[in-house]
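Just below is one structure, and these are the notes that go with it.
The values are calculated or read from the model by the stated rules, or taken from the named source; none is laboratory data. This is a predicted model, so every value here is computed, not measured. When we count neighbours, we look across all protein chains shown, and the Cβ atoms used for this are built from the backbone with ideal geometry, even at glycine. Side chains included, ligands, DNA and RNA excluded: accessible areas come from the protein's heavy atoms. Shrake-Rupley method; radii C 1.70, N 1.55, O 1.52, S 1.80 Å.
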Amino acid sequence: MAEPILEFDDVDIRYRTDGDDVRAVNGASFAIDEGDYFGLVGESGCGKSTIADSIVGGLDDNGEVVSGEIRFKGEQIQDYSESEFNENVRWKEVSVIPQSSMNSLDPVMKLSEQAVEMAKYHTDLSRPAALDRLRELFDVVGLSESRISDYPHQFSGGMQQRAIIAFALFLQPSLIIADEPTTALDVIMQDQIMDYINGLKDDWDVSMLLITHDISLVFENCDSMAVMHGGQIAETGTVDDVFDRPRHPYAILLQNAFPDVRFPDRELAVIDGHPPQLRDEVDFCTFADRCPWAEPACREGAPPATPVAGDDDHLAWCVRAGEMSELAANHLERSTESTSILEGGQ
Amino acid sequence: MSDGAPVLELRSLEKHFDTTSGITETIRNRLVGEGPKLVRAVDDLNLTLAENQVQGVIGESGCGKTTLLRTIIGLYDPTGGEMRFHGRPTSEFTKDEWKEFRRHVQIVFQDPFNSLDPKFSVRRTLAEPLEIHGIDYDRTDIEEMLESVGLTPASQYIQQFPNQLSGGEKQRVAIARALITEPDVILADEPASMLDVSTQAEILNLLNELTDEFGVSMVYISHDLSTVSYICDHINVMYLGRIVEKAPTRALLADPKHPYTQALIRSIPIPDPHYDREQATIGGEPGDPIDMPEGCRFKNRCPERMDVCDETPLDVAPDGDGDREVACHLYYDHEERAGAEPKPAASDGGERP
Ligand SMILES: Nc1ncnc2c1ncn2[C@@H]1O[C@H](COP(=O)(O)OP(=O)(O)OP(=O)(O)O)[C@@H](O)[C@H]1O
Ligand SMILES: Nc1ncnc2c1ncn2[C@@H]1O[C@H](COP(=O)(O)OP(=O)(O)OP(=O)(O)O)[C@@H](O)[C@H]1O
Ligand code: SF4
Ligand SMILES: [Mg+2]
Ligand SMILES: [Mg+2]
C-alpha cells in the first residue's frame, strides 16, 4: 500500500475572536495516499478552507491548530514556524490554488514578471526558460500565449482563475491543494482542466486535495474523499464506497439533494436547517439538529469513527452508522424508472 | 417612462476595450498600419428583459458576461448600440435619472473576495446602501436580511469582517447587500457559485420568491446550467460577445440546437462515479475576443462546420418555433433566406476600419 503523503490526526482548529472562539475544525482525521486524488466536500462554512490553509501554515492570524497532528510525508508540521513552512512545505512540495485566487495575483505586476520572479526564487530556470514554461502552461489552461504579459485586471474572472492554476503547476509540486479551482469556470473549461489535472499523474508523482462543493467533480475525478459537516469529518472512503454505501446521514441526504442534469424534472431534496455556529466545545454530532435519525446519544459526545462493515478504509463518524442501511433504506435506493434526457433523447 | 415597455432593452449593444498599451505601441501600430488592439468583449448583443422575468445568461469564461452587466449598470460606457430602461434610452439620462436608476437596479458582483470592503463589518456593509439612498432602517432589518440568505443566527455574523467569513458566507453577504434596498431589477453575476447545493437551493428559492411575488426582474449570470434551470424562465447562451442561442429553459436543456450549447450540456459532470460520461468533442482553444474569426465565431471549434460558416449566421427560429432563436447555419435554408432582408453584416467580419 502506498504511504500517505498527508495525514490529519484528530485535528482541532480555532479562530480567536472578540467574543467566543470559532471552533472551525474539530477532531478531523483523514489521510491522502501518495499518488491519490482526494476530494473534500461539504457545506459552505464547514471548515474546508481552514483545513487547506492549515497545511501550508496559511491560517489567518487569529487561527491556530490547537491540538492533533498534521503530518506531511510522515513529518509533523502543525507546529512549524514560518521559515520551516517556507523551507519544507510551501511552493516546491505543496502548492495551493486558493479559493480567493482572484486576489492572489499581484495587481501591479505583469503575469510574465510574476512567473519570472517565482522561477528566480524557487528554480534555476533562466528568464527565457521561465517564460517558455509559462507559455506552455497558458496553453494548457486555454489562455492565449500572447497574453502572458497582460496585467491581472485585463483578465476576466475565469481567466485569472486559469492563470492561477498555471502558476500552481509551475513548480511541479508533489501535493496540489485546489480550493474550489473551477467554480469560476464554465463546464467546458472545467472539463478540460480536470482532464489535464488527471493527466498530471503521468508526468510526475503528484497527489491532490480537491476542495469543492460540487460532489460530481469529486465523483468524476478523485480516488477517495471526505464529506464534512459543521467542522467535523462525517465520512471518508473511496469515492465508489461513499457513493454506493454512504453511512453518515449528511452524506446520504447530500446525495439526494444533488442536481443531476440527466433528470431535470426530479424534485430536489433540501436538507433542512443550518449547521450550528461552533462557539462552545464541540462534544456532540454537529448534524444532530438536522438529522432525521438523531437520538440522545448523538448529543452526548462527538461520534467516534465507525468502520463500515465489508469495506476497507471506509469510516463514518455517526453513532448509528451501523444501522443506517436499514434506517435510511428508502433514501438509499436509487430510483431507476426516471429516464435520462441525455441518453434516450428528450 | 412609457408604459408597457420592457424593463430593460439592449439593442446591438457593444463594449470594446482598447488594450494597446502605451504610446510606443500606438505609434508602432500606426507605422505598420494596424488598428488598435481591440477586445470585443460585448459585440452586437440583443436582450430584452420584461417585468417579472428572469433572463439567464450562460457562456464560457471570458465571453463577456461581466462586461455586459457592468455596461448595463453604467460602470462602462457602451462603445455602440443602445440601452433602454423602461423605454427611455440611458444615453439621455440626467444625473437624477442615473441616481434613480442605481437605486432600482442592483448588482451582485461576481467575486465576493474583491467586492466587499474589508474594512466594513457585515452590519456596515448592509447599512451603507440604505444610507446612500436615504432609506430608514434599524438593526432588525439587517438581521432579517441576513437570515433570509441563510446566515443564521444573524447576531453571530453581524460584527464579522469579510476576512472572517468563508467564501460562501461572503457571497451571501454580497447578495444581502444587493437585496436590502428592495430593487426592481437585480443583475446577478454568478451569485451562488461558491455555495453547496443546499444553501444554493435556499438562495434560489429566495430569489424566486422575489421575482414571483414582488415583480422583481433579473438578469442571472452563471455557468452552471443545473442551477440556472431552477431560476430562469429563459436562457441566453453567449459566445464571444454575442448571444448565439436563446430559448425557454426547459426547451434549451432538453433540445439544445447550437453546437456550442450542445457541448455545454454534455460537459456537465454527473454525480455518479459509475457513470461514464461521454466528453464533449469540441477542441481546446476558447474564443479570443481580440482575434475573432470571420463568420460564425464558433466555427474553429465546431464539429458541424460547413463552408457557409465563414459567413455570419442569422438569428433564426429553429423548426419555426417562435419562442427560440439560434445563430447557426444548420438551422435555415439559405436559398429561401437569400431574398429576406439581410441583417446588417454586423460586427462580425473584419470590415471595420
Ligand atoms: N479569520 C477568521 N476569524 C473568525 N472566524 C473565521 C475566520 N475564518 C473563517 N472563519 C469561520 O470559520 C468557519 C469555517 O470557514 P472556512 O473558510 O474554513 O469554510 P469553508 O468550508 O471553506 O466554506 P466555503 O465553502 O463557504 O468557502 C466559518 O464559519 C467562518 O465564518
Ligand atoms: N478592463 C478591461 N480591459 C481590457 N480587457 C478587458 C477588461 N475587462 C474585461 N476585458 C476582456 O473582455 C473579455 C470579457 O471579459 P468578462 O469579464 O466580461 O468575461 P466573463 O464572461 O465575465 O468571464 P468569466 O466567466 O471568466 O467571469 C475578456 O477577454 C477580458 O479579458
Ligand atoms: S454556424 Fe457553423 S460553425 Fe457555427 S456553430 Fe453552426 S455549424 Fe458550427
Ligand atoms: Mg472555503
Ligand atoms: Mg465574469
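Between A:D205 and A:D132, the distance separating the two model label sites (each 7 Å from Cα on the Cα→Cβ line) works out to 2.7 nm.
Calculated on the alpha-carbon coordinates, the convex hull of the range A:104-172 measures out at 77 cubic angstrom per residue. Other protein chain C-beta atoms within 10 Å of residue C-beta, averaged over B:197-205: 6. Only helices enter this figure: runs of n ≥ 4 DSSP H residues, each worth -39500 (n - 2.57), summed and divided by the residues of the protein assembly as shown, yield -8500 deg cm²/dmol at 222 nm to the nearest 500. Over 28 Å apart at the Cα level, from the set B:K65/B:K170; B:K15/B:K95; A:K73/B:K119; B:K170/B:K246, are A:K73/B:K119; B:K170/B:K246. Just to be sure I understand: with springs between alpha-carbon atoms less than 10 Å apart, which residue in A:S81, A:S325, A:S54 has the highest mean-square fluctuation in the Gaussian network model of chain A? Ranking A:S81, A:S325, A:S54 by mean-square fluctuation puts A:S81 first. Loop-located trypsin sites (Lys or Arg not before Pro) in the range A:69-120 (DSSP state not H, G, I, E or B) with no more than 14 neighbouring Cβ atoms inside 10 Å: A:K92.
Taking the 1.4 Å solvent-accessible surface of the range A:104-172 as the whole, the part contributed by carbon and sulfur is 50%.
In chain A, taking the dipole from charged Cβ atoms about the Cα centre, the farthest positive-side position among A:A288, A:Q232, A:I148 is held by A:I148. Accessible surface for the protein assembly as shown, divided over its residues, is 43 Å² per residue with a 1.4 Å probe.
Between A:E69, A:E180, A:E113, find the one with the highest GNM mean-square fluctuation for chain A; connect C-alpha pairs within less than 10 Å. Result: A:E113 has the largest fluctuation of those listed. How big is the B-A contact in terms of buried accessible area, both chains counted, 1.4 Å probe, rounded to the nearest 100 Å²? It comes to approximately 5200 Å² buried between B and A. Seen from every direction in turn and averaged, the convex hull around the alpha carbons of chain B projects onto 21.6 nm². Magnitude of the charge dipole for chain B, about its Cα centre and with charges confined to Cβ atoms of Lys, Arg (+1) and Asp, Glu (-1), is about 1060 debye.
Look at the alpha carbon pairs under 8 Å that are at least 6 residues apart: their mean separation over the length of chain A gives a relative contact order of 19 percent. Here the range A:104-172 is assigned +1 on the Cβ of each Lys and Arg and -1 on the Cβ of each Asp and Glu. Its dipole about the Cα centre then comes out at about 60 debye.
What do you get for the angle between helix A:127-140 and the principal long axis of chain A? Use alpha-carbon atoms, 0 to 90 degrees, nearest ten. In chain A, helix A:127-140 runs at an angle near 40 degrees to the longest axis.
Values of log10 I(q)/I(0) for the range B:93-177 across q = 0.15, 0.24 Å⁻¹ run -0.55, -1.21, by the Debye formula with one identical scatterer at each alpha carbon and no solvent.
Hey, got the average number of other protein chain Cβ atoms within 10 angstrom for residues in B:160-167?
Working: counts 2, 0, 0, 4, 6, 2, 10, 11.
Whole-number average of other-chain Cβ neighbours for B:160-167 is 4.
Between the range A:1-39 and the range A:61-90, the alpha-carbon centres lie 11 Å apart.
Can you say what percent of the DSSP beta bridges in the protein assembly as shown, counting only those with both residues inside, are antiparallel? Round to 5.
Numbers: 53 of 91 bridges.
Counting DSSP beta bridges with both partners in the protein assembly as shown, the antiparallel share is about 60 percent.
In the calculated pair-distance distribution of the range A:26-132, the portion above 18 angstrom amounts to 60 percent of the Cα-Cα pairs. Quick one: Debye curve from the C-alpha atoms of chain A, no solvent, what's log10 I(q)/I(0) at q = 0.13, 0.14, 0.15 Å⁻¹? Log10 of I(q)/I(0), two decimals: -1.06, -1.20, -1.33. Counting only the Cα atoms, the protein assembly as shown fills a convex hull of 175 Å³ per residue.
Using only atoms on other chains, find how many Cβ atoms lie within 10 Å of each Cβ of peptide B:217-224 and report the average. Can you show the working numbers first?
Numbers: counts 0, 0, 0, 0, 0, 1, 10, 7.
Partner Cβ neighbours, averaged per residue: 2.
Note on B:I132 and B:A50: the extension gain reaches 26.8 nm, defined as 0.36 nm multiplied by sequence separation minus the Cα-Cα distance.
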